Amino acid sequence: MSVTTKAAPPPLRRPAPKVASPHRGGLLRSAGRALPLTPAVVLLLLFLAGPIVYCAYIAFTDLQLTGQAHSSFVGFDNFREAFRDDAFLNAVWLTLVFTVLSSLVGQNTLGLALAALMQRASKPVRTLVGAVVITAWVLPEVVAGFLLYAFFRREGTLNAILDWLHLPSQNWMFTLPILAVSFANVWRGTAFSMLVYSAALNEIPKEITEAAEVDGAGGWRRMWHITLPMIRRSIGTNLMLNTLQTLSVFGLIWVMTRGGPGDRSQTLPLFMYEQAFQNSMIGYGTAVALLLLVVGSLFSLVYMRLLRTEV
Amino acid sequence: MAVLTRSVRPRSRRSARRLAADAGLLVVTAAFALPLAWVVLSSLDAHADLRVKVPDGVTLSNFDAVMTSDITFTPLLNSLILCGGGTLLTVVCAALAAYPLSRFRSRLNRPFLLTVLFATSLPITAIMVPVYALFVQVNLIDTMQGTIFFFAASQLPFAIWLMKNFMDGVPKELEEAAWTDGASSLQSLIRIVLPLMGPGVAVVTVFSFVMMWGNFFVPFMLLLTPDQMPASVSINEFFGNRGTVVYGQLAAFSVIYSTPVILLYVLVARRLGGGFALGGAVKG
C-alpha cells in the first residue's frame with residue numbers, strides 16, 4: 001500500500017507477490033486463470049479445428065450431396081483421381097499462374113515501388129495515393145469484383161482507353177481471363193504490401209542511405225545493395241501473407257468470370273466449389289480443399305519461422 | 001560561392017526527384033482510381049454503362065430505385081445482424097482470452113499463441129466445403145447463429161493476437177492496486193484494462209467488422225434462404241442473375257454498401273497501420 005507515487009515512472013516491471021508465485025494455489029489457480037480462455041477455445045475448437053479435422057476425414061470418403069447415408073471410406077482414391085483429372089491439373093496450373101502473377105510479381109513489386117516512391121514524393125501526393133490504393137483494398141470483395149468486371153469488359157473502360165490510344169482492343173475476359181482476374185487481385189491487394197513496405201522503409205535510419213549517397217551510390221544501387229537487404233524480413237513475411245491470401249481468393253473471381261469461360265480462370269477454390277456443389281462430390285471437393293489447406297499450412301509455418309526470428 | 005552551389009545543387013536535384021516520384025505515383029494512382037471513378041460517376045448517371053464517363057446531369061434516381069427493402073434494406077440489415085453479432089462475439093472472446101495470455105505467465109502461453117498465429121494465416125476458403133457438410137449434419141445450415149459462430153471463429157485468431165499485443169501495452173501496476181483493493185481479475189479487466197486500451201479495442205472491433213462485412217464466401221455457403229442473405233451475397237444474386245443489368249443502380253447499391261466500411265476504416269486507419277506492423281497477420 002506504500003507504493004502510491006504516481007508521478008515517478010514505474011521501476012522494474014515486477015508482478016505483485018499475489019500474482020507472482022505460481023506455486024501457491026497450484027493447479028486450481030492456474031485453472032482459474034485459464035478460465036477466460038474457455039469461450040475462445042470452445043469456439044475455435046468447434047468451428048475451426050472441428051471442420052479441419054472433419055475435412056481430413058471426408059477427404060478420404062466418397063461423400064456426396066445426395067444420399068449422404070451411404071458414404072464410405074475410399075482411402076486415397078480422391079487424391080489419385082485428382083492427379084489424373086485434367087480439370088484439377090488445370091486448376092493447379094491456373095492457381096500457380098494467378099498466385100505468381102498477382103501476388104509475387106504484382107502486389108509485391110508494385111507495393112514496394114509505391115512505398116519507395118512515396119518516400120520521396122510530396123505530402124499531398126502521398127496522401128492521395130494512400131487514400132486511393134487503400135480504398136481499393138477496403139472495398140467489399142464483391143464490389144471490387146464488379147468494378148473490375150466493368151473495367152475489363154468489352155464495352156468497358158480499358159478498351160475505351162485503348163481505342164483512344166489507337167491500340168487494338170479485345171475482349172479481355174474471353175481472351176485472357178486469368179490475366180484479367182490477376183490484375184483485379186493486384187488492384188485489390190497491393191495496398192497491403194504498400195503498407196508493409198512503407199513501415200519497413202520508414203524504419204531504415206536516414207544516415208545509412210545518406211552515407212551511401214555521399215559515397216556516390218545511385219538510386220538503383222542503393223535500392224539493391226542497401227534497402228532490399230535491410231527489409232528482407234519484411235519481404236519474406238509480405239510474400240508469405242500475399243501468397244496465402246491469393247491462394248484463398250474466391251469472391252473476386254466468382255463475380256468476374258465464375259471461373260470461365262469454360263474453366264480458363266478456374267483456380268483451386270473455384271474448382272473445389274464446383275466439384276462439391278455443381279457435381280455433388282463433397283468427398284472429392286474436400287480432398288481438393290485438404291490439398292489447399294496443406295499448401296497453406298506449409299506457407300503458414302514458413303511465415304511463423306520468419307516472424308519468430310523477428311520477434 | 002562554392003558553399004552556395006553545394007547547397008543549391010542537391011536541393012534542386014532533390015526537387016527534381018520529388019517531381020519524378022510525384023509523376024510516377026500519379027500515373028499509378030490514376031490507374032487505381034479509374035474503377036473507383038466508374039462506380040461513383042455511374043451511380044449518379046441515369047444512362048450509365050460500363051465505361052467511365054461524366055454523366056450529362058447528376059441524378060439521384062439510381063439511389064431512389066435501389067432504396068427498397070428487397071434490394072437494400074433487408075440485405076443491409078442482415079449484414080448488420082451477421083457482422084454485428086460476429087464482431088461482438090469475436091471481441092468479447094478475444095478480450096477474455098487475451099487477458100490471461102497477457103497477464104499471467106504460463107508454460108502454455110507460447111504454444112497457444114503460436115497456434116493462434118498459425119491459424120491467422122490459414123486459407124479459410126479451403127474449409128468452407130467441410131464446414132458446409134458439418135453444418136448440414138448439426139442443423140446449423142441456413143441459420144444466422146451458425147454463420148455468426150463461424151464468422152467469429154474465423155476472425156478470432158487474429159483478434160486474439162491483436163488484442164494481446166494491445167493489452168501488453170497497458171501497465172500492470174494499476175491493476176495490481178485494484179487487486180490489493182480486492183477486485184477480481186474479471187473486474188480489473190472490465191474496469192481498468194479495457195478502458196485503458198480503448199483505442200485498441202476499437203481497432204479490433206472495426207477490423208473484425210470490416211472483414212465480415214465484405215466477406216462473400218462464408219454467407220454464400222452457409223445461408224440458403226434469400227431473406228437471410230447479407231448484402232455481399234444479395235448484390236451478386238440480384239445483379240448477377242438478371243438478363244439486363246442496370247449499371248447505374250448496381251453502382252448506386254455498391255456505393256451504399258461500401259460507404260460504412262470505408263468510413264469505419266478511416267476512423268481507425270492510423271492505429272491499424274501500427275497494429276499491422278506489430279502483429280503482422282492476415283488481410284481479407
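Here, each number is a calculation from the coordinates, and none is a lab measurement. Only a predicted model underlies this, so the values are computations on that prediction, with no experimental measurement involved. Reconstructed Cβ throughout: ideal geometry from the backbone, glycine too, with neighbour counts over all protein chains shown.
Computed on segment A:50-128, the Cα convex hull volume stands at 175 Å³ per residue. The shape of chain A can be summarised by an equivalent ellipsoid whose semi-axes, obtained from the alpha carbon gyration tensor, come to 40, 37, 18 Å from longest to shortest.
What does the charge count near B:Asn78 come to, summing +1 for each Lys or Arg and -1 for each Asp or Glu among other residues with Cβ under 15 Å from its Cβ? Around B:Asn78, the surrounding residues sum to -4. Entry note, segment B:162-224: relative contact order of 39 percent, from Cα contacts under 8 Å with a spacing of 6+ residues. Across every direction, the projection of the convex hull enclosing the Cα atoms of segment A:220-311 has a mean area of 8.3 nm². Evaluated at q = 0.27 Å⁻¹, the base-10 log of the normalised Debye intensity for segment B:103-171, with identical point scatterers placed on the Cα atoms, takes the values -1.19.
Normalised by 2.2 N^0.38 Å, where N counts its residues, the alpha-carbon radius of gyration of chain B equals 1.29. R0 = 22 Å: FRET efficiency of A:Leu176 with A:Asp85, Cβ-based, nearest 0.05? It comes out at approximately 0.35. For peptide A:193-200, the mean count of partner chain Cβ atoms within 10 Å of a residue's Cβ comes to 3.
Taking every lysine pair in the protein assembly as shown that is 8 or more places apart or spans two chains, those with Cα atoms closer than 28 Å amount to 9. Evaluating kT/(6 pi eta Rh) at 25 °C and 0.890 mPa s, with the Kirkwood radius of segment A:166-214 over Cα pairs in the Stokes-Einstein relation, gives 172 µm² s⁻¹.
Electrostatic bookkeeping for A:Pro124 treats Lys and Arg as +1 and Asp and Glu as -1; over the other residues with beta carbon under 13 Å from its beta carbon, the sum is +2.
The relative contact order of segment A:84-226 comes to 38 percent, based on Cα pairs under 8 Å that sit 6 or more residues apart. The share of C-alpha pairs in the protein assembly as shown whose separation exceeds 36 Å stands at 42 percent.
When you restrict to C-alpha pairs under 8 Å that are six or more residues apart and normalise by the size of segment B:1-129, the relative contact order lands at 10 percent.
Exposure here means at most 14 other Cβ atoms within 10 Å; with trypsin sites (Lys or Arg not before Pro) in a DSSP loop as sites, the longest stretch of chain B lacking them is B:108-241.
Ignoring the sites themselves, chain A has its longest run without GluC sites (Glu not before Pro) in a DSSP loop having at most 15 other Cβ atoms within 10 Å at A:1-154. Considering only A:Pro177, B:Val136, B:Val193, the residue lying farthest towards the positive end of the dipole of the protein assembly as shown is B:Val193, judged by Cα position with unit charges set on Cβ.
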